[in-house]
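These notes concern the structure reproduced below.
Since every read-out is calculated from the coordinates, none of them should be taken as a lab result. Predicted model only: the values in this text are computed from it and were never measured. Cβ placement follows ideal geometry from the backbone for every residue including glycine, while neighbour counts extend to all protein chains displayed.
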Amino acid sequence: MTQNTVIIPEKLNGTRLDKGLAELLEITRSAVQTLLKDDAILVNGEQTKPNYKCKTGDEITYMEREPEELDIIAEDIPLDIYYEDADMLVVNKPQGMVVHPSAGHTSGTLVNALLFHCQDLSGINGKIRPGIVHRIDKDTSGLLMVAKNDKAHESLAEQLYDKTSDREYIALVHGVIKHQKGTIDAPIGRSKEDRQKMGIVNDGKESRTHFEVLERFTGYTLIKCRLETGRTHQIRVHLKYIGHPLAGDPKYGLKNTIKGEGQFLHASELGFTHPTTGERMNFEAPLPAIFQEALEILRE
């Protein structure tokens with residue numbers, strides 16, 4: 001990444017940072033929000049929020065990504081498509097599939113499959129993340145929005161940012177949660193002890209997860225989680241924080257856990273407003289077989 005600096009002109013005085021920078025740098029607002037999320041933008045040498053009001057003369061330092069060199073190959077991988085039109089898709093991602101290519105995963109990803117299925121995908125998130133509006137972890141299954149054009153991408157990303165889309169997850173956690181409902185409100189950032197993990201840190205980003213108990217077992221609880229914010233590993237970190245880590249979680253969970261193929265976390269429900277028609281759309285995906293089997297074992 002290369003570092004660049006711009007000065008806020010008088011005409012953008014009082015404008016929201018994400019909106020002002022989008023205009024100044026001639027990039028999309030969601031692209032600016034992604035840079036802010038990655039801590040790649042500083043205002044007068046300090047990190048700030050997207051809703052910061054620009055002041056004339058503010059010095060904005062931002063990191064610009066180098067061109068991606070990965071050559072993404074379209075692969076004939078089956079997709080579980082719940083909805084598709086000219087603007088977007090809703091896909092049910094299986095557990096074990098990486099969403100987009102990276103240095104360690106150049107094939108077999110959702111993006112490889114999407115490129116084979118439809119070559120027209122939005123380019124807002126760059127060459128290796130075409131169409132990807134939001135992500136879920138490799139070992140998390142469930143529903144994702146995919147944009148076919150930049151206009152649809154902007155709308156869907158804006159809904160995520162404005163918290164007008166709905167995302168609910170089903171999770172199996174260690175321990176018996178006594179409360180029927182609760183909210184975990186704790187800031188998330190890069191762990192001070194292990195830079196490969198996220199953690200609860202005082203200077204982290206505002207993060208909230210709402211949960212509701214669905215079923216209790218001996219030593220485990222099945223819950224529904226609703227994301228108010230969308231931080232990296234948010235549900236996994238928050239549940240560990242309250243002493244109920246996800247069953248099967250190799251990064252944040254317990255070694256002695258129920259048998260599976262990674263964390264028992266499924267993006268079960270997705271709701272949003274269609275970017276073109278304005279229609280409210282809601283989708284629900286059933287638990288994958290291995291998750292269902294684990295619950296049957298616990299019930300016995």
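Of all aspartates and glutamates in the structure, the ones whose alpha carbon falls short of 13 Å from that of Lys138, not counting any fewer than 8 places away in one chain, are Asp249, Glu261. Considering only Asn282, Gly199, Pro250, the residue lying farthest towards the positive end of the dipole of the chain is Gly199, judged by Cα position with unit charges set on Cβ.
Based on the Cβ-Cβ distance from Ile27 to His210, what FRET efficiency comes out when R0 is 45 Å, to the nearest 0.05? With R0 = 45 Å, the Cβ-Cβ based efficiency is 0.85.
Computed from label points 7 Å out along Cα-Cβ, the spacing between Ala86 and Phe217 is 4.7 nm. Over the C-alpha trace of segment 69-162, radius of gyration and Dmax come out as 12.1, 35 angstrom. With all pairs of separate Cα atoms included, segment 230-300 yields a Kirkwood hydrodynamic radius of 14.3 Å. Projecting each Cα onto the charge dipole of the chain (Lys/Arg +1, Asp/Glu -1 at the beta carbon, about the Cα centre), which of His100, Leu144, Leu36 comes out farthest on the positive side? Highest projection toward the positive end goes to Leu36. Peptides 94-102, 7-15 ranked from most to least packed by the mean count of surrounding Cβ atoms within 10 Å: 94-102, 7-15. Of all lysines in the structure, those lying under 27 Å Cα to Cα from Lys178, and not within fewer than 8 positions of it along the same chain, are Lys224, Lys240, Lys251, Lys255, Lys259. Prolate is the label for segment 173-245. Its Cα gyration tensor axes, ordered a ≥ b ≥ c, give a/c of at least 1.5 and a/b above b/c. What is the helix-to-structure angle for 150-161, meaning the angle in degrees between its Cα long axis and the longest Cα principal axis of the chain, kept from 0 to 90 and rounded to the nearest 10? That works out to roughly 60 degrees.
Taking square-rooted eigenvalues a ≥ b ≥ c of the alpha carbon gyration tensor, is segment 2-64 rounded, prolate or oblate, where a/c under 1.5 means rounded and, failing that, a/b exceeding b/c means prolate? Rounded, since a/c falls under 1.5. Each Lys or Arg adds one and each Asp or Glu takes one away; over the other residues whose Cβ falls under 9 Å from the Cβ of Leu265, this sums to -2. A simple spin-label model places pseudo-atoms 7 Å from Cα toward Cβ; at Thr106 and Glu46 they are separated by 4.4 nm. Using a simple spin-label model with pseudo-atoms 7 Å out from Cα toward Cβ, Thr273 and Thr229 lie 2.4 nm apart. Under 19 Å of direct C-alpha separation, and excluding same-chain neighbours fewer than eight residues apart, Lys53 reaches these aspartates and glutamates: Glu10, Asp18, Glu23, Glu26, Asp39, Glu158, Asp162, Glu206. Contact order, relative form, for the chain: 14 percent (alpha carbon pairs under 8 Å, 6 or more residues apart, mean separation divided by residue count). With the largest listed first and rounded to whole Å, the semi-axes of the equivalent ellipsoid of the chain from the Cα gyration tensor are 33, 24, 18.
Mind checking the dipole of the chain: about its Cα centre, +1 per Lys or Arg Cβ, -1 per Asp or Glu Cβ, Debye to the nearest 20?
1140 debye
Taking a ≥ b ≥ c as the square roots of the eigenvalues of the Cα gyration tensor of segment 146-300, is the shape rounded (a/c under 1.5), prolate (a/b larger than b/c) or oblate? The shape class here is oblate. Taking Lys and Arg as +1 and Asp and Glu as -1, the other residues whose beta-carbon sits under 9 Å from that of Ala285 total -3. The mean sequence separation of alpha-carbon pairs under 8 Å and at least six residues apart, normalised by the residue count of segment 69-162, gives a relative contact order of 31 percent.
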